[in-house]
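First up is the structure itself, then whatever we jot down about it.
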Amino acid sequence: MASRKTSRRRSREDEDKYSVLLPTYNERENLPLIVWLLVKYFGESGYNYEIIVIDDGSPDGTLEVAKQVQQIYGEDKILLRPRATKLGLGTAYIHGIKHATGNFIIIMDADLSHHPKFIPEFIEKQKEGNYDLVSGTRYRGNGGVYGWDLRRKIISRGANLLTQVLLRPAASDLTGSFRLYKKNVLESLVERCVSKGYVFQMEMIVRARQLNYTIGEVPISFVDRVYGDSKLGGNEIISFLKGLLTLFATT
């Protein structure tokens with residue numbers, strides 16, 4: 001009887017599929033590496049997966065590199081769903097969800113700041129508590145940030161502390177963008193979110209709390225991008241503060 005139950009449990013787990021959404025803009029150097037790592041860790045863990053590359057008209061030839069990567073790993077594993085121009089992270093997720101065939105969605109950056117080695121931990125954590133979403137955290141356990149100067153660390157810590165005080169989100173890392181969602185949960189959250197840019201990730205957690213979705217956390221090591229330029233600047237910081245105050249006033 002026990003073996004039969006174990007067999008049924010494994011059968012249900014085998015039915016799960018994980019769709020990784022990779023929004024890209026000028027990531028031609030990073031894309032082959034991040035895809036190789038994703039294929040490696042999904043292959044070793046045995047989970048069913050697909051990788052959806054959503055390129056927003058990168059002028060550096062990211063899409064051409066993505067086509068070469070697709071030839072290596074196959075169209076069943078690498079799906080290319082490009083857009084003509086840069087339209088924002090939220091709409092990239094909406095676009096990717098429409099093409100995702102998995103019942104779970106993983107969102108992460110394509111710049112190697114999020115290491116795919118943590119994905120099996122995300123999946124195990126989700127199964128452990130049947131969480132609606134699992135978020136990578138830099139601020140608990142053995143999580144951390146590497147490669148940032150003092151200014152970036154102060155900005156990140158300060159932003160996270162401010163959001164904790166104002167929004168009380170029941171999560172330790174609101175501005176991170178390495179997460180696993182049940183597909184229907186992500187669809188529900190994206191429909192309700194109105195923010196753009198860096199505030200978008202924060203609003204997703206706040207809306208999840210409002211809707212009583214359960215949130216699990218996995219400590220991660222965040223590493224600053226090796227290739228390309230950081231997209232965090234003064235305008236993004238101002239937008240973040242405006243968005244934070246808007247969420248505080250409306251949630």
Subject >> Relative contact order (%) - criterion: Cα under 8 Å, at least six apart; region: segment 28-156 >> reply: 27 percent
Subject >> Whole-percent carbon and sulfur share, accessible surface of segment 114-210, 1.4 Å >> reply: 50 percent
**OP:** Could you grab the Rg to Rh ratio for segment 84-164? Cα atoms only, Kirkwood for Rh.
**Re:** 1.00
**OP:** Please give the direction-averaged projected area of the C-alpha convex hull for segment 12-94, in square nanometres with one decimal.
**Re:** 5.6 nm²
**OP:** Round to the nearest 0.05 the FRET efficiency obtained for residue 103 and residue 157 when R0 = 25 Å and r is the Cβ-Cβ distance.
**Re:** 0.10
Original post:
What length, rounded to one decimal in nm, is gained on full extension from residue 164 through to residue 48, with 0.36 nm per residue of separation minus their alpha-carbon distance?
Top reply: 38.2 nm
Original post:
Which ³J(HN,Hα) values, rounded to whole Hz and listed in residue order, are derived for segment 54-66 from phi using the Karplus coefficients 6.51, -1.76 and 1.60 in 6.51 cos²θ - 1.76 cosθ + 1.60 with θ = phi - 60°, glycine and proline given as x?
Top reply: 10, 8, 9, x, 4, x, 8, x, 4, 5, 5, 5, 4
Original post:
Given H placed on each backbone N at 1.01 Å, which residues far from residue 17 in sequence or on other chains put an amide H within less than 5 Å of it?
Top reply: 103, 104
**OP:** Among 91, 104, 74, pick out the residue whose Cα is farthest towards the positive end of the charge dipole of segment 62-104, where Lys and Arg carry +1 and Asp and Glu carry -1 on C-beta, about the Cα centre.
**Re:** 91
Original post:
Separation between the residue 36 and residue 214 pseudo-spin-labels, each 7 Å from Cα along Cα→Cβ, expressed in nm?
Top reply: 3.9 nm
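The values are calculated or read from the model by the stated rules, or taken from the named source; none is laboratory data. The model shown is predicted, which means the values in this text are computed figures rather than measured ones. Don't worry about glycine lacking a Cβ; one is built from the backbone with ideal geometry, like all the others, and counts go over all protein chains shown. The protein model used for the area step is the full one, side chains on, heavy atoms only, and it has no ligands, DNA or RNA in it. Shrake-Rupley method; radii C 1.70, N 1.55, O 1.52, S 1.80 Å.
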